[in-house]
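**Q** Structure incoming, see below.
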Amino acid sequence: MTAKVILFDFDGTIADTYQAVTSITNQLSTEFGYKALNQEELLLIKNLSSREIVKLSEIPVFKLPFLIRRVRSELSKEIAELDSIKGIDQVLWELKRRGYVLGIVTSNNQENVDIFLAKNQLTDLFDYIYSGTAIFGKHRVINQVIREHQLDKTNVIYVGDETRDIRSARKSRIPMVAVTWGFNAAEILSEHNPDYLVDHPSELLGAISSWQSYQTTVSPSGVTSTVLHGQGIKQQSRKAALKSTVNYDHKE
């Protein structure tokens, strides 16, 4: 039986880096020529897409790669002190126990990821870690993982917390679980139509179980046709299918 592969975003999905990243970004505002945001404004931008946030900040596009490098560099000074998202550790270990291959695809640098995983005793969970520098080019890194490990896209799913994660998974033509505990809020994530939308790490188990139960074909137009084994064909999003067919325990 071919192993199922779950690729995870890192910041905001596994690592609780939201406060650290927003603080660092504000500290760098004068140097890079954009407005620092107060707490109220930070809450408001959680309901904006990644592209809308960049546009609103008025950061010159040519400065973005330099800003990202500086944020990653400053984050490296704090990464060893940061914790994982509450509840995600247990879910990751359970997914590994069930035989899934786990990987990380991130715009953070691998050194930061390695330090964090070691500190939180999660290193042994992940078969590979891939890092890319482009803020809107994560689909290229996903495609690199698939190509280098000769993966069948029908056996790969991506988990992330931002609208750009949804777009990247769509460009790579793989299903996607959006999580609401990271950098983007549930409302804006839902508007971008992820295959699944979950509010708590424990719900990932239900989403992944539902995905494995389906034989899925995504048309070029982006319409998802799902075949539920033994129950015929239903034209619906997997998010709707999850709500109607999967039960899971929600534990705080």
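**Q** What is the number of the single condition among (1) within 17 Å of Asp161 (Cβ to Cβ); (2) at pLDDT below 85; (3) in contact with a Ser or Thr (Cβ under 9 Å, 6 or more places away or on another chain) that Pro65 does not meet?
**A** Of the numbered conditions (1) within 17 Å of Asp161 (Cβ to Cβ); (2) at pLDDT below 85; (3) in contact with a Ser or Thr (Cβ under 9 Å, 6 or more places away or on another chain), the odd one out for Pro65 is (1).
**Q** If you take the residues in segment 125-165 that are of a type in the set (Val, Ile, Thr) and over 21 Å from Tyr214 (Cα atoms), which one is surrounded by the fewest Cβ atoms within 10 Å (Cβ to Cβ)?
**A** Thr133
**Q** Search segment 63-95 for residues being part of a helix (DSSP H, G or I) and among the acidic types (Asp, Glu), and hand back the single one that is nearest to Asn108 (Cα to Cα).
**A** Restricting to residues being part of a helix (DSSP H, G or I) and among the acidic types (Asp, Glu), the top hit is Glu74.
**Q** Taking segment 182-206 on its own, how many of its residues are surrounded by fewer than 19 Cβ atoms within 10 Å (Cβ to Cβ), among the aliphatic types (A, V, I, L, M) and assigned to a helix (DSSP H, G or I)?
**A** Adding up the residues that qualify gives 2.
**Q** Is there a residue in segment 52-60 that is small (Gly, Ala, Ser), in contact with a helix residue (DSSP H, G or I) (Cβ under 8 Å, 6 or more places away or on another chain) and surrounded by 14 or more Cβ atoms within 10 Å (Cβ to Cβ)?
**A** no
Rundown of residues vs (1) part of a helix (DSSP H, G or I); (2) modelled with pLDDT of 95 or more, yes/no style:
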{"position": "Val145", "(1), (2)": "yes, yes"}
{"position": "Val159", "(1), (2)": "no, yes"}
{"position": "Ser210", "(1), (2)": "yes, no"}
{"position": "Gln215", "(1), (2)": "no, no"}
{"position": "Gly222", "(1), (2)": "no, no"}
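**Q** Condition test on Arg69, is it surrounded by fewer than 16 Cβ atoms within 10 Å (Cβ to Cβ), of a type outside the set (S, T, N, Q) and without any contact (Cβ under 8 Å) to a residue 24 or more places away in the chain?
**A** No.
**Q** If you go through segment 108-129 one residue at a time, how many are touching a Leu at 6+ places or on another chain (Cβ under 7 Å) and of a type in the set (Asp, Glu)?
**A** The number of residues fulfilling the criteria is 1.
**Q** Also, quick follow-up: Here is a list of conditions, (1) under 16 Å from Asp161 (Cα atoms); (2) surrounded by fewer than 13 Cβ atoms within 10 Å (Cβ to Cβ); (3) assigned by TED's automatic domain parsing to the domain that holds Thr154, and Gly103 meets all of them except one; can you say which number that is?
**A** Single failed check for Gly103: (2).
**Q** Among the residues of segment 12-24, is any assigned to a helix (DSSP H, G or I), loosely packed, with under 14 Cβ neighbours inside 10 Å and in contact (Cβ under 8 Å) with a residue 24 or more places away in the chain?
**A** No - not one qualifying residue is present in segment 12-24.
The values are calculated or read from the model by the stated rules, or taken from the named source; none is laboratory data. The structure displayed is predicted, hence computed values, not measured ones. Here the Cβ is made from the backbone with ideal geometry for all residues, glycine too, and neighbour counts use every protein chain on show.
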